[in-house]
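What follows is a short report on a single structure.
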Amino acid sequence: MEGYDHRKIEKKWQEKWEHEKAFQAKDDTSKEKEYVLIEFPYPSGDGLHVGHIRSWTALDIVARKRRLEGKNVLYPIGWDAFGLPTENYAIKTGKDPRVVTKENTDIFRRQIKSLGLSFDWSREINTSDPTYYKWTQWIFLQLYKHGLAYKAKTLINWCPKDKIGLANEEVIDGACERCGTLVQKREKEQWMLAITKYAKRLYEDLDSVNYIEQAKIQQRNWIGPSEGAQIAFPVLGSDKKIEVFTTRPDTLYGATYVVLAPEHPLVLELAPLTKNKGAIETYVKATRQTSEIERTAEAREKTGILMEGICAINPGTKEAVAIFVADYVLGSYATGAIMGVPHHDERDFEFAKSKGLPIKEVIEALVVREQGEDAVKKDMPFTERRAVVAVIKHPSKDKYLGVRWKRTGWQGFVIGGIEEGEEAQEAAKREVREETGYKNIRAVGILGGPIHAQFYQTLKAENRFAHFQLVLVELGDEEKTEIAPEEKVLHEFLWLSPEKMTAFITHRDMQILWDRVIGKICYSGTGILVNSGQFSGLQSEEAKKKITEFVGGVWLTVFKLRDWVFSRQRYWGEPIPMILCKKCGWVPVPEDELPVILPEVTHYQPTDTGESPLATISHWIHTTCPSCGGEATRESDVMPNWAGSSWYYLRYCDPKNTKEFASPEHLKYWTPVDWYNGGMEHTTLHLLYSRFWHKFLYDLALVPTSEPYAKRTSHGLILAKGGEKMSKSKGNVINPDGLIERFGADSLRLYEMFIGPFDQPVIWSDTNIIGTRRFVERAWRLISTFTQHQKTVMSPEAVRMMSHSIAKISSDIESLKMNTAVSQLMILLNHLESTTPTMQALETFLRLLSPFAPHVAGELWEKMGTTTAMEKAGWPTTPKESATELEVALVALQINGKVRATIELPLKASEREALEKARLHPAISPRLARGKEVRAVYVPGRVINFVVSDVA
RNA sequence: GCCGGAGUGGCGGAAUGGCAGACGCGCGCGACUCAAAAUCGCGUCCCGCAAGGGGUGAGGGUUCGAGUCCCUCCUCCGGCACCA
């Protein structure tokens, strides 16, 4: 027997696949296609990461299975080559980024091939290749021509030491990634892409795609729609209006001030009308210099400045309200201005308190019970009741009396109805005496206004509409009188500290009242309007629309999503194909002059002014205007590295096309991507950006589908020891080359699939790879010693094992449960080893193994001397009429849910037969005899459970 | 704070509401060997000699039966975070 030599075998098969172009996708539209995609890598100097292997092997298994199933598979690879690390390396070494990229992609290509990944190398693309970025620039021009690319002033991250603009991902905890200097904000004109125009569609169309739920949720949160009203507050003595956005127009009558964001244009317009213009301008300036960490620091006190001498009119109350400028209001969200409603918004409450502004209650809480046995019954009238809630303070300690109702589990306070003509305080005293027996009530006071609750009163079988008044009761001492016995059994009492009480309370209405006792006055929920003119008495939902209408406001949806800052003051990216003419303004480069080639430079350092190194190349920068022929300059900013990756999956369909980014025929055949796997870290940037570009191209009828990816899955990260991310700087990166050399690509592939649930993060460990290596060796030993003397007919047990394995592995691959698929392969091999397998069984095993460990499977297949080529043999399927008809199964016998024995029973056994047999079992019959059998449950093929009372 | 995900042996982890710990790593014992490695066999949740009992972050609930479903809470991880 020849030993298993992974080096020899893997080299042989990799050469064979390369030579035969085994994985080239044919543009053969007569065959059913499958487009399987992984995120193309950034070719960093670190080489391939074990994390790449996890994702790519999983989809390689999918691609290989699809080929065996007869599909025409496109599984492409390329390079997302533009980007910061290469540029930073170039700055440090002076080496041309093109050369660095070439070196790195060579390393990646060699490593990928050594893993036996079945990529179609004939479609390899590179985003930094002019034949590729020509089309990236072309798409940008289309965006510009359709009004989706525009220039705007934005704040960029500026490192004052390196004198360089930083991308968000280079800012770590508010400091420059390289030198640690605190990052400042600097204003700069930048190209922007109007992704917000697509916000609604990007949000709604998530319903039409098969993404993992978490990715959908994250994108939805990121896009962040929010419905509300835009309401104008006129500025007194001026024709200006402050437009605020609010989701709670029902609280308008409680708006006691308005706030403008420091960036709001009205700030500078209104400042001259104020008495403190200078101070306002100083505040605005100061905000801009505040660093990111300071601004977002936790528990930071809200700052702001009053615009003295001017005020606005609350369109509801018609009263004058103060105008503030404060940086807790964001300039980039909604209208950049808010109305301050301190009583019903936590942030406004905090601000109003620090500025001494009026706090006005306009909503009384209404809690509607919607689930559980006391949920409001629809179509049933309400009976109204007034009630008191008595919060009783301990005579000496800082404790309050908690009440637990034994029957329902309701936990709260002493509570009771107010009788006809009774005062709330009187009612509270009476209830406290009756329920608790406390005699010496020292003080009683009403705390705040009423709150309301709607629920179903189970005892009386009616819908209740209760109005609670909170009464605070202090005791003189702990002396008690005996209470009525029928009261006594109803509840128990506990003295609780304020913290314990917060956890003790079970119902929301009681929680709201308790909040008042511990000083939380602000209530941000909905309820019934008060102090709101003609709207008083309405409920929040109804009042929202009515008040908006009354003050001439607009009901609309705003999004958290911001437009995409598309400029980078860098070198290693696609030049933005725009020209600034002194006469004509911004003029796009004519399409027939594309690509605008990224010129070679001598140094890659950005300039002191923060402009791209391109700005210093005068022969490139100075050009003529395509429109008027006059003097003009090129845009020196480049695109972000999200640009090339926003459409690369389209280029794979037709990578050599010089006339179009891809031909309509090829796109029609190959798109959409059927299965796209990538990291969760790309959910809100890359994935959203490419959906945006795709939808834009769809609107121009250049792509056939409205969504690029039909299905999206995600792999969990592979972490280094201690749960840290692997990075070169921490020196904890695992180089796969050594593992492939020692254990072989097949063992490594199997190990990465076996390491844990595919979608969860795992911590890398070197020791366990020995397990999959042993598995491969055992398969090798078993099959390479195979002789023709083997049995030719499978035992029923073998048939069962085989069909179960086929079904399990097939479905596990589809749901990326690769760890249990490998486990099943191991179980199957264990079985084959312990029996005398048939040739057919061994062949099926190899076909199941081949997507996971293609080299060794191919070699053993060949060794078996099978006449059909493995690719032709196809993916195994379970025989239609399997042996399940006759099957017997192990059935657990339980007494009161506890397993006492196991017996073999035919699947088809009737309940009577099964129970009869079970009752006779030595572990069962004595136990049945000792008690009284109440009932028996029979689940065929699974379990028999005897419910026995009074078992001794 | 808000939105997700996860808590199961020494470790990675299995388990359509139906025999908890599959499969693998590690460990222990044995076989082979002069010996070791490799390989093979057996064992390996906890308490107990055993019979038996206990056990899936904690506490309740639903069910004949709960790791799995419901409620309350704790811990860890990820994302967002003054979004009006």
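The values are calculated or read from the model by the stated rules, or taken from the named source; none is laboratory data. Treat the numbers as computed from the prediction; the structure is a model and nothing was measured. Methodologically, a virtual Cβ is constructed for each residue, glycine included, from the backbone with ideal geometry; neighbour enumeration extends over all protein chains shown. In case anyone asks, the SASA skips ligands and DNA or RNA and just uses the protein heavy atoms, side chains included. Shrake-Rupley method; radii C 1.70, N 1.55, O 1.52, S 1.80 Å.
Side notes on the structure shown:
- Of the residues screened, A:Ala428 is not one that is in a loop (DSSP other than H, G, I, E, B) and either surrounded by 22 or more Cβ atoms within 10 Å (Cβ to Cβ) or within 16 Å of RNA strand B (Cβ to nearest atom) (or both).
- For segment A:130-155, filtering for residues that are crowded, with 17+ Cβ neighbours inside 10 Å, over 29 Å from the mean Cα position of the chain (by Cα) and under 24 Å from A:Thr86 (Cα atoms) leaves 5.
- Selection within segment A:714-743: residues that are modelled with pLDDT of 90 or more and more than 14 Å from RNA strand B (Cβ to nearest atom). The member of this set that is surrounded by the fewest Cβ atoms within 10 Å (Cβ to Cβ) is A:Gly738.
- Yes/no for A:Ser810 being crowded, with 20+ Cβ neighbours inside 10 Å, more than 11 Å from RNA strand B (Cβ to nearest atom) and part of a helix (DSSP H, G or I): no
- Filter pass, A:Val551 being more than 14 Å from RNA strand B (Cβ to nearest atom) and either in contact with an Asp or Glu (Cβ under 6 Å, 6 or more places away or on another chain) or more than 15 Å from A:Trp642 (Cα to Cα) (or both): yes
- Some residue of segment A:172-185 being under 29 Å from the mean Cα position of the chain (by Cα), acidic (Asp, Glu) and either modelled with pLDDT of 95 or more or at negative phi (or both): yes
- Test: residue in segment A:690-709 that is within 16 Å of RNA strand B (Cβ to nearest atom), assigned to a helix (DSSP H, G or I), farther than 27 Å from A:His6 by Cα and open to solvent by less than 10 Å² (accessible area, probe 1.4 Å): no
- Residue in segment A:606-619 that is at pLDDT 95 or above, charged (D, E, K, R) and farther than 30 Å from A:Phe692 by Cα present: no
- Subset of segment A:638-655 [more than 15 Å from A:Trp564 (Cα to Cα), part of a loop (DSSP other than H, G, I, E, B) and open to solvent by less than 10 Å² (accessible area, probe 1.4 Å)]: A:Trp647, A:Tyr652, A:Cys653
- Looking across segment A:888-942, the residues that are within 29 Å of A:Val799 (Cα to Cα), open to solvent by 100 Å² or more (accessible area, probe 1.4 Å) and either assigned to a strand (DSSP E or B) or within 11 Å of RNA strand B (Cβ to nearest atom) (or both) come down to A:Leu890, A:Glu904, A:Arg942.
- Exactly one residue out of A:Ala375, A:Ala352, A:Ala365 is more than 30 Å from A:Asp327 (Cβ to Cβ) and in contact with a helix residue (DSSP H, G or I) (Cβ under 7 Å, 6 or more places away or on another chain), and it is A:Ala365.
- Which numbered condition A:Glu542 fails, given (1) part of a helix (DSSP H, G or I); (2) buried (at least 16 other Cβ atoms within 10 Å of the Cβ): (2)
- Residue within segment A:568-577 that is surrounded by 14 or more Cβ atoms within 10 Å (Cβ to Cβ), more than 30 Å from A:Ser532 (Cβ to Cβ) and either within 16 Å of RNA strand B (Cβ to nearest atom) or of a type in the set (Gly, Ala, Ser) (or both) present: yes
- The residues in segment A:11-28 that are part of a helix (DSSP H, G or I) and either within 39 Å of the chain's Cα centre (by Cα) or surrounded by fewer than 18 Cβ atoms within 10 Å (Cβ to Cβ) (or both) can be counted, and the count is 9.
- Within segment A:29-54, restricting attention to residues that are among the aromatic types (Phe, Trp, Tyr) and in a loop (DSSP other than H, G, I, E, B), the residue that is farthest from the chain's Cα centre (by Cα) is A:Tyr42.
- Count of residues meeting criterion [open to solvent by less than 20 Å² (accessible area, probe 1.4 Å), assigned to a helix (DSSP H, G or I), more than 8 Å from RNA strand B (Cβ to nearest atom) and not aromatic (Phe, Trp, Tyr)] in segment A:744-787: 12
- If the condition is being closer than 30 Å to A:Glu541 by Cβ and charged (D, E, K, R), then segment A:239-290 contributes A:Lys241, A:Glu243, A:Arg248, A:Asp250.
- Check on A:Gly553, in contact with a Pro (Cβ under 8 Å, 6 or more places away or on another chain), closer than 28 Å to A:Gly527 by Cβ and either in contact (Cβ under 8 Å) with a residue 12 or more places away in the chain or open to solvent by less than 20 Å² (accessible area, probe 1.4 Å) (or both): yes
- Restricting A:Gly437, A:Gly416, A:Gly412, A:Gly421 to residues that are more than 14 Å from A:Ala466 (Cβ to Cβ), surrounded by 14 or more Cβ atoms within 10 Å (Cβ to Cβ) and of a type in the set (Gly, Ala, Ser) narrows the list to A:Gly437.
- Residue list for segment A:816-854, filter: more than 37 Å from the chain's Cα centre (by Cα), part of a helix (DSSP H, G or I) and more than 10 Å from RNA strand B (Cβ to nearest atom): A:Leu832, A:Met839, A:Gln840, A:Ala841, A:Leu842, A:Glu843, A:Thr844, A:Phe845, A:Leu846
- Exactly one residue out of A:Ala453, A:Ala443, A:Ala461, A:Ala503 is open to solvent by 70 Å² or more (accessible area, probe 1.4 Å) and hydrophobic (A, V, I, L, M, F, W, C), and it is A:Ala503.
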